[in-house]
1. With of a type in the set (D, E) and in contact (Cβ under 8 Å) with a residue 12 or more places away in the chain as the only criterion, which of E76, E69, E32 stands out?
2. Condition test on E115, is it of a type in the set (D, E, K, R) and under 19 Å from A191 (Cα atoms)?
3. When residues of the stretch 250-275 are filtered for being of a type in the set (F, W, Y) and modelled with pLDDT under 90, how many remain?
4. I want to confirm something. Restricting to the stretch 277-289 and keeping residues that are of a type in the set (A, V, I, L, M, F, W, C) and either surrounded by 14 or more Cβ atoms within 10 Å (Cβ to Cβ) or in a helix (DSSP H, G or I) (or both), which single residue is modelled with the lowest pLDDT?
5. Note down all Cβ pairs under 7 Å where the first residue falls in the stretch 159-174 and is hydroxyl-bearing (S, T, Y), the second is assigned to a helix (DSSP H, G or I), and they're at least six residues apart or on different chains.
6. For A206, indicate whether it is open to solvent by 30 Å² or more (accessible area, probe 1.4 Å), without any contact (Cβ under 8 Å) to a residue 60 or more places away in the chain and either closer than 17 Å to S23 by Cβ or under 16 Å from the mean Cα position of the chain (by Cα) (or both).
7. Might you check whether a residue that is out of contact with any strand residue (DSSP E or B) (no Cβ under 7 Å at 6 or more places or on another chain) and under 20 Å from C162 (Cα atoms) occurs anywhere in the stretch 77-88?
Amino acid sequence: MNDYILSVILGIVEGLTEFLPVSSTAHLRISEALLHISLTDPYWKMYTIVIQLGAILALFLLFASRIIEFFRTFPEGENGDRTKFNHPLTLTMAAFVVTAIPAFLLHKIIGQNLESLRVMALSLLIGGVVMWGVDWWSSRSEPFTKDVEEMTLGQAVWVGFCQIASAVFPGTSRSMSTISAGQLVGMSRPAALEFSFLVSIPTMFAATGYDLLKTLHPKQVAGAEELAPLVMTSHGWIVLAIGFVVSFFVALAVVEWFLRFVRNNGFTVFAIYRILVGIALLIFGSRLA
């Protein structure tokens, strides 16, 4: 199949799944396997991570006014009861740092797991069961944190810690791990969802930048010196740009729908979908590898 058409398809998959708690990385890798793209190909491994930035930019655009408001009210917060230690901006960066340091140290394991459909299948399956159970429990208890302006530093650190699982085990889903983590410590669905989106912005910018630098200039990145630099041709850049742009516009259309759906329906349908896909991938994954 033409690489440009492949990139359009993968961009659509990325835009549809980046913010749904079903793992965009797993869906991209499954799609690449179905389209007979090698999971060990360094270009497509880099592509899988970089086009996620298109979806993140869509989220940044949608949340721009909210982010500007956070900067405007720092450090007191909207209600005047925050400090520089528990303002939403501080909590977002705290969660990011808690995730980023272990993820950096475990980058070799992460790279290996990106090649394993079995790891993704198990992550989808186990994550679906966890999400279903947490959402069921959360819906039957009264959350004591109904807005990110009410969060504590401890909650943010916990969310960041749980986000490590999504980095190490593709298929877990960054949004699933952060949303479920938030619900476990008393956050409402809307608060957990909003904080998940906020944390995703620095997390994905850092992951994308690191992966691009590691792929194109490995000698300048600690721990990547053994890699051969990927030579990007004009064709490669165009294919990457197509996926980036398509994921941006598809994500732009998906995010607001997702926010409305979750507020009214919760995460059960996504949990069931994850479990079914995980089981199917365990059964049929060997044929795709």
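1. The unique qualifying residue is E32.
2. No.
3. In the first step, residues of the stretch 250-275 are kept if they are of a type in the set (F, W, Y); the result is 257-258, 261, 267, 270, 273.
Imposing the further condition that a residue be modelled with pLDDT under 90 reduces the set to 257-258, 261.
Looking only at that region, the number is 3.
4. L288
5. Pairs found: S166/R174; S166/S177; T172/S123; T172/G127; T172/A165; T172/S166; S173/G127; S173/S166.
6. no
7. Checked the stretch 77-88: at least one residue is out of contact with any strand residue (DSSP E or B) (no Cβ under 7 Å at 6 or more places or on another chain) and under 20 Å from C162 (Cα atoms).
Residue-wise test of (1) modelled with pLDDT of 95 or more; (2) open to solvent by 10 Å² or more (accessible area, probe 1.4 Å); (3) over 12 Å from the mean Cα position of the chain (by Cα).
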| position | (1), (2), (3) |
| --- | --- |
| W137 | no, yes, yes |
| R140 | no, yes, yes |
| T145 | no, no, yes |
| G154 | yes, yes, yes |
| V157 | yes, yes, yes |
| I164 | no, yes, no |
| P170 | no, no, no |
| I179 | no, no, no |
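The values are calculated or read from the model by the stated rules, or taken from the named source; none is laboratory data. Keep in mind the model is a prediction, meaning the values are calculated, not measured. Every residue, glycine among them, receives a Cβ derived from its backbone with ideal geometry; neighbour counts consider all protein chains shown. Ligands, DNA and RNA are stripped out before the accessible areas are found, and what is left, the full protein with its side chains, is counted by its heavy atoms. Shrake-Rupley method; radii C 1.70, N 1.55, O 1.52, S 1.80 Å.
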